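A short worksheet on the structure shown next.
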Amino acid sequence: MTGYTVTSLTKLRMLAPWRMQELHGTEHHRLYWITRGQGRVIVSCVSRGYGPNTAIWVPGRTMMALELPAQIQGLELVIPTGQDLDLPDGPRHLRISNIESQGNLTSAIERIEREIVGQAPAMERALRAYGLLISTGLERELARQDGRLGTKPAHRLAMAFSALLEGSYHQGFGVADFARELGVTPTHLSRVCRTAAGRPAHALIHERLMHEARLLLADTRMPARAVAERLGFSSAAYFTRAFAAYTGRTPSEFRRPGARRL
């Protein structure tokens, strides 16, 4: 079964805001193709503004948060890992000004969507072919512009912190633990995160943790006690207090119909 999905940004706006606008990560690669509107995106703890005709490439297991204002239009393409498509190995932020390149990217994503809907024979082969077209388009665009996020020393540190956080947010580590691993002081790490992402390191850690907590409570039947244990909390009571302080609801209140959309 294919791991490819195509979703309009308009449809993503209909989801609970926390699903996209809080720091999170997925196993699959994601490409956001913004055709209209503007906002901000955080990828690997580096915040950037985006506007029309922007392609944002987010490799699997990379933290991100995406604003989706009312006027936004575009597409989200999810590509499963392990496809051998020679895709960029790090996040990229590309302003695509060439009209032909814009059309080619839109066409390739829409063809993937039609393949998924049609479920025709040899669909997987066709999806891989369109994936290669997208990979080729990104490579050609990267020949015109750099597109990397970590061009400043502060951004490189923030991105290194982001990679560590995405791999261990559930292990109960604090700012001092991450700072020690990165060879800097906690104060310096928090200052860099505030500059790069708009908030200090402890807030980024808590946001990533609470997003995962909401996800597990909303999308699984896992008991709150098990969620607390999976996310590294010392007790279910401590988890309940932390979750309620962050969301305004206890885990059981959050699970009530309608509440998880807020």
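What follows is calculated from the coordinates using simple rules that are stated; it is not laboratory data. Treat the numbers as computed from the prediction; the structure is a model and nothing was measured. Neighbour counts run over all protein chains shown; Cβ positions are idealised from the backbone, glycine included.
Restricted to segment 217-242, and to residues there that are buried (at least 16 other Cβ atoms within 10 Å of the Cβ) and among the β-branched types (Val, Ile, Thr), the residue that is nearest to the chain's Cα centre (by Cα) is Val227.
Being touching a residue at least 40 places away in the same chain (Cβ under 8 Å), of a type in the set (Ser, Thr, Tyr) and farther than 25 Å from Met64 by Cβ: is that true of Ser234 here? In short, yes.
Applying the criterion of being under 22 Å from Arg156 (Cα atoms) and of a type outside the set (Gly, Ala, Ser) to the residues of segment 33-45, the residue that is surrounded by the most Cβ atoms within 10 Å (Cβ to Cβ) is Cys45. A single member of Glu141, Glu181, Glu212 is within 28 Å of Glu113 (Cβ to Cβ) and assigned to a helix (DSSP H, G or I), and it is Glu141. Counting only residues that are closer than 24 Å to Ala218 by Cα and touching a Leu at 6+ places or on another chain (Cβ under 6 Å), segment 44-67 holds 2 of them. What do you reckon, is Gly248 touching a residue at least 12 places away in the same chain (Cβ under 8 Å), surrounded by fewer than 16 Cβ atoms within 10 Å (Cβ to Cβ) and of a type outside the set (D, E, K, R)? Taking the combined requirement at face value, the residue does not satisfy it. Would you check if Gly150 is out of contact with any Pro (no Cβ under 7 Å at 6 or more places or on another chain), surrounded by fewer than 16 Cβ atoms within 10 Å (Cβ to Cβ) and part of a loop (DSSP other than H, G, I, E, B)? Criteria not met by Gly150.
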